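Below: the structure, in structure tokens.
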Amino acid sequence: MPQSNSWAARAADLRPDGRAVIDGQRVAAVDGQTFEKRSPIDNRLLGAVARGQAADVDAAVRAARAAFDDRRWAGKAPAVRKKILQRFADKILGAKEELALLETLDMGKPIQYSLSVDVPSTARCIAWYAEAVDKIYDEIAPTPDSALALITREAMGVIGAIVPWNYPMIMAAWKLGPALAAGNSVVLKPSEKSPYTACRLAELAVEAGIPPGVFNVVPGFGHEAGEALALHMDVDAIGFTGSTRVGRRMLDYAGRSNLKRVYNELGGKSAFLVFDDFKDLERAAKTVAGSMFFNQGESCNAPSRVLVHERVAEEFTALVAAEAPSYAPGNPLDTGTVLGALVDETQMRTVLGYIDAGSAEGARCVAGGQQALAQTGGYYVEPTVFAGVSNGMKIAREEIFGPVMSILTFKTEEEAIALANNSSYGLQASVWSDGLNRAHRVARALRAGTVHVNQYDEDDITVPFGGYKQSGNGRDKSLHAFDKYTELKTTWIRLD
Ligand code: NAD
């Protein structure tokens, strides 16, 4: 397998630090336990990571609470927090290559995307909330002469952030940006499958001038550190991104503890609707392949359910099948690779299990379908396309979280809308039509947090991101995210 020598050499020399960051200090777990972190690229051992437990989470929450209560961060003028957060964003860009390499080694995404997408988007998110925070005003209610009513937003306190491994830094930044800009303290629990960049971010934050205790990171497993954080009585809100299965637990943890706010950003099975009045089928096929196979299909918003009008289904399927091999898996450290390794063996086995289920249920595999590069010791799966899928099949209903696309057909617009909405998820959707009326009509009818028309790639920190139905509640990104990490206060003043 070809490799970019420089990245491979740098990877060989890297000794990542997997200790927690609490109160501005690198620390081992209280009981000294660690777990092994291996790279999915080749199963090489990357190092030992602190295995945080309730005691570690408790120490982090205590540090975060102390920082909040003495107002070392919340008490700073918004313009001052802005400057410090902008420095934090600059530090992230300054450490671009190190962070990108850590991300790629940890979870297997191609180095070119860690460099061009993950690091810059993380920095931009932090900078964007920094820039916003001294431009937001509170409200005064319309009252009689005898009173004044102020409606203000206050930082909430201690925010627990629990994030997945598919975009480790970006998902963390979507919580950190609004939570820190608003003046909160944060305890971040990264996925046990991708802990390294989170720990580095916390160090960079301290270097940038964010006071110790304001941003803490406790690595560990979900059922240990994650559960302890979500159950903690002194955490005011949980910003969770992950599976719908664990999102349900977050609500349960809140109910069993202090009724902390829970904001869930969960799974998806996004529908991509191609109507027969859309002329540029080739562009639609290239777009769906690019969006589906980006990040090895490990994206919550991957357009994994493709609904095509039966008149163009054959042509469209052939175009997508022809496109798939250009996403052949390769070594993520090779700068030309576009599809890397799946995050671990369990994930690879899950994805291969879905591929078997698709064939067993009678879908037709028109591209891929196999494990790849097994000789590397890493976890790779070919970009896979199934045609002849019906909406009752497992591969059409469940989130696979791998490079597997299902193509279904429809006869009428009504049927297309009904199929698209017949899912427990509602994260994103896309409509492809040259008819202005149809595009608007269908976009309006789709039950999804984001609907794309004749494209799938546009995305920006300026717009909300989140789902309907079991894809979650709350929204990451945009100014709306401030709502999640602030409390609304009304202050009535009598005027004599
Ligand atoms: P996951 O739910 O298994 O884990 C997410 C996080 O929760 C991890 O940090 C994990 O350690 C922790 N966790 C697991 N069990 C826990 C428990 N019992 N208590 C507390 N914490 C626990 O999800 P994953 O496999 O890491 O990520 C993939 C999922 O994330 C997919 O479903 C994907 O769609 C979703 N996702 C959603 C969005 C979005 O914005 N909607 C974005 C990215 C990923």
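I'm trying to understand the selection: among the residues of segment 230-270, which are within 6 Å of the ligand (Cβ to nearest atom), in contact with a strand residue (DSSP E or B) (Cβ under 8 Å, 6 or more places away or on another chain) and closer than 18 Å to residue 300 by Cα?
241, 242, 246, 265, 266, 267, 268
Would you be able to tell me the number of residues in segment 142-181 that are away from the ligand (no atom under 16 Å from the Cβ) and surrounded by 24 or more Cβ atoms within 10 Å (Cβ to Cβ)?
3
Could we say that residue 84 is buried (at least 24 other Cβ atoms within 10 Å of the Cβ) and either acidic (Asp, Glu) or at pLDDT 95 or above (or both) here?
Against the criterion (buried (at least 24 other Cβ atoms within 10 Å of the Cβ) and either acidic (Asp, Glu) or at pLDDT 95 or above (or both)), residue 84 does not qualify.
Picking from 213, 220, which residue would you name as being on the phi > 0 side of the Ramachandran plot, more than 15 Å from the ligand (Cβ to nearest atom) and in contact with an Asp or Glu (Cβ under 9 Å, 6 or more places away or on another chain)?
213
Taking only segment 271-295 into account, find how many residues are touching a His at 6+ places or on another chain (Cβ under 8 Å), not in a strand (DSSP E or B) and not acidic (Asp, Glu).
1
Output the residues belonging to segment 277-297 that are of a type in the set (A, V, I, L, M) and under 30 Å from residue 170 (Cα atoms).
Matches in segment 277-297: 284, 285, 288, 289, 292.
Could you give every pair whose Cβ atoms fall below 7 Å, whose first residue belongs to segment 114-134 and is assigned to a helix (DSSP H, G or I), and whose second residue is hydroxyl-bearing (Ser, Thr, Tyr), counting only separations of at least 6 or pairs across chains?
What qualifies is 114/104; 118/167.
Residue check, residue 198 against (1) more than 8 Å from the ligand (Cβ to nearest atom); (2) among the aliphatic types (A, V, I, L, M); (3) closer than 26 Å to residue 134 by Cβ, all met but one. Which one?
(3)
Among (1) assigned to a loop (DSSP other than H, G, I, E, B); (2) within 10 Å of the ligand (Cβ to nearest atom); (3) surrounded by fewer than 20 Cβ atoms within 10 Å (Cβ to Cβ), there is one condition residue 302 misses while meeting the rest; what is its number?
Checking residue 302 against (1) assigned to a loop (DSSP other than H, G, I, E, B); (2) within 10 Å of the ligand (Cβ to nearest atom); (3) surrounded by fewer than 20 Cβ atoms within 10 Å (Cβ to Cβ), the one that fails is (3).
Specify which of the listed residues (104, 122) is under 22 Å from residue 298 (Cα atoms), touching a helix residue (DSSP H, G or I) at 6+ places or on another chain (Cβ under 6 Å) and either open to solvent by 10 Å² or more (accessible area, probe 1.4 Å) or within 15 Å of the ligand (Cβ to nearest atom) (or both).
122
Which residues, taken from segment 268-284, are in contact with an Asp or Glu (Cβ under 8 Å, 6 or more places away or on another chain) and buried (at least 24 other Cβ atoms within 10 Å of the Cβ)?
Once the filter is applied, which keeps residues that are in contact with an Asp or Glu (Cβ under 8 Å, 6 or more places away or on another chain) and buried (at least 24 other Cβ atoms within 10 Å of the Cβ), segment 268-284 yields 268, 269.
So, residue 295, is that one modelled with pLDDT of 95 or more and within 12 Å of the ligand (Cβ to nearest atom) or not?
yes
Go through segment 314-357 and give me each residue that's open to solvent by 10 Å² or more (accessible area, probe 1.4 Å), within 15 Å of the ligand (Cβ to nearest atom), part of a helix (DSSP H, G or I) and touching a residue at least 12 places away in the same chain (Cβ under 8 Å).
345, 347, 350, 354
Output the residues belonging to segment 358-391 that are open to solvent by 20 Å² or more (accessible area, probe 1.4 Å), in a helix (DSSP H, G or I) and of a type outside the set (S, T, N, Q).
Those that are open to solvent by 20 Å² or more (accessible area, probe 1.4 Å), in a helix (DSSP H, G or I) and of a type outside the set (S, T, N, Q): 360, 374.
Please specify each residue of segment 48-77 satisfying the condition of being within 26 Å of residue 343 (Cα to Cα) and free of Cβ contacts under 8 Å to residues at least 60 places away in the same chain.
Selection gives 48 alone.
So residue 206 clears everything in (1) open to solvent by 10 Å² or more (accessible area, probe 1.4 Å); (2) within 10 Å of the ligand (Cβ to nearest atom) except one condition, right? Which one?
Going through (1) open to solvent by 10 Å² or more (accessible area, probe 1.4 Å); (2) within 10 Å of the ligand (Cβ to nearest atom) one by one, residue 206 breaks only (2).
Check every one of the strands (runs of 3 or more DSSP E) wholly within segment 1-110 and list those with 3 or more residues that are in contact with a Cys (Cβ under 7 Å, 6 or more places away or on another chain) and polar (S, T, N, Q).
Filter on segment 1-110 gives an empty set.
The values are calculated or read from the model by the stated rules, or taken from the named source; none is laboratory data. The structure displayed is predicted, hence computed values, not measured ones. Please note: Cβ atoms are built from the backbone with ideal geometry, for glycine as well, and neighbour counts cover all protein chains shown. The area values use the complete protein model at the heavy-atom level, side chains included, leaving out ligands, DNA and RNA. Shrake-Rupley method; radii C 1.70, N 1.55, O 1.52, S 1.80 Å.
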